[in-house]
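Down below is the structure, laid out as structure tokens.
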Amino acid sequence: MRHRWVVVALAALLVAACGRGDDRGVTTTTSRGPSSSTATAAPDPVVPLREVPAERRLGAAYALVQGDVPAGEVIDQLGSALEEETSSPSSGPSFGWYDYSETLQETYMAVMVALGSEAVPEIERRIESADPVSQGWYVVALGYLGEPVDAELLALLSDSPTRPILVHAMELAARRELEEAVSVLTEYLKDDYVMQDLHRSGGPPSYPVRDVAAGALRRMGYVVYSPPERPWDYELFGR
């Protein structure tokens, strides 16, 4: 039973989470994921996740919730792997504008969310003693699980430890229609983080944080305009 709704929950979260935040919706960097051999050739979930080779941890994380492993043990494994990852990032192929370590971190958060409400007390048990980056991911997980973390999300919007955590905080602010977030989301329409798609030589630059901020504001009912000739330049016109 858990396996069936875990797959649905993971798909729904990862399709809705982060990536290009325009009016067509936002997509996650992990939706493209690694090759099927990497993602599905998972080891026995009894092996502690942090001991699994880095290139196999995506599949191993999903395998944790495909059986009957107690929620507390799953969160302990995911949390330990997350906290180790934030202190000693793994190297590997990048997906979208996330590096491999950031993709692993996001995956651990998404699997926590897939556990549902039984994950909440376990996350809350770990959050106080965690490092700032891991704390940010725990807040994001609690946000997707419907917990009252609006103040913490607003704090992440103002001073997020990483860009991937920031874009999830933006997504959650839009879902929760946090009007207190509008001013800081508007500031991010001018964010200077830029990347060039290596597969589209000569194409326009990409401003992922700006795009997600624009998408969040649009979901909240605001009009955000960008000229066709400069799609990365955004201006807020109100509702």
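The values are calculated or read from the model by the stated rules, or taken from the named source; none is laboratory data. Note that this is a predicted model, so its numbers are computed, not measured. Positions of Cβ are generated from backbone atoms using ideal geometry, with glycine treated the same way; all protein chains shown enter the neighbour counts. Surface accessibility is based on the protein's heavy atoms, side chains included, excluding ligands, DNA and RNA. Shrake-Rupley method; radii C 1.70, N 1.55, O 1.52, S 1.80 Å.
Per 0.36 nm of contour for each residue apart, how much would the distance between Ala54 and Val194 grow if the chain were fully extended, relative to their Cα-Cα spacing?
On the way: separation 140, 0.36 × 140 = 50.40 nm, distance 2.75 nm.
Stretched out fully, the Ala54 to Val194 stretch lengthens by 47.6 nm.
Among the chymotrypsin sites (Phe, Trp or Tyr not before Pro) in region 114-219, those placed in a DSSP loop whose Cβ has at most 16 other Cβ atoms within 10 Å are Tyr193. Distance between the modelled labels on Glu179 and Ala155, one decimal in nanometres: 2.4 nm (7 Å Cα→Cβ projection).
Ignoring any ligand, DNA or RNA, what whole percent of the accessible area of region 148-239 comes from carbon and sulfur when the probe is 1.4 angstrom?
Numbers: 2450 of 4780 Å².
That fraction is 51 percent.
Expressed as a whole percent, the accessible surface of region 89-146 that belongs to carbon and sulfur atoms is 49, based on a 1.4 Å probe.
Take the alpha carbon gyration tensor of region 85-188, find the square roots of its eigenvalues, order them as a ≥ b ≥ c, and report rounded if a/c is under 1.5; if not, report prolate when a/b exceeds b/c, else oblate.
Details: a/c = 1.70, a/b = 1.15, b/c = 1.49.
Note, shape of region 85-188 comes out oblate.
Apply the a/c threshold of 1.5 to the C-alpha gyration tensor of region 125-239 and tell me whether it is rounded, prolate or oblate. Intermediate results must be reported in sequence, preceding the final value.
Working: a/c = 2.71, a/b = 1.51, b/c = 1.80.
It is oblate, given that a/c is not under 1.5 and a/b is not larger than b/c.
Determine, for each peptide in 52-64, 205-217, 148-160, the mean count of other beta carbons within 10 angstrom over its residues, then list the peptides with the highest first.
Details: 52-64: 20.7, 205-217: 23.7, 148-160: 17.2.
The densest-packed peptide leads the list: 205-217, 52-64, 148-160.
Solvent-accessible area per residue in region 95-239 equals 44 Å², computed with a 1.4 angstrom probe and all protein chains kept. Find which of Ala81, Leu58, Ile123 sits farthest along the positive direction of the dipole of region 48-129, computed with +1 on the beta-carbon of Lys and Arg, -1 on that of Asp and Glu, about the Cα centre. Result: Leu58.
Dipole magnitude for region 101-156: computed about the Cα centre from +1 point charges on Lys and Arg Cβ and -1 point charges on Asp and Glu Cβ, it is near 80 debye. The HN-Hα couplings worked out from phi for region 216-223 by the Karplus form 6.51 cos²θ - 1.76 cosθ + 1.60 (θ = phi - 60°) are 5, 4, 5, 5, 8, x, 8, 8 Hz, whole numbers, x standing for Gly and Pro.
Which shape class applies to region 46-112: rounded if a/c is under 1.5, otherwise prolate when a/b exceeds b/c and oblate if not, where a ≥ b ≥ c are the square roots of the Cα gyration tensor eigenvalues? Walk me through the numbers on the way to the answer.
On the way: a/c = 1.88, a/b = 1.73, b/c = 1.09.
Judged from the Cα gyration tensor, region 46-112 comes out prolate (a/c at least 1.5, a/b above b/c).
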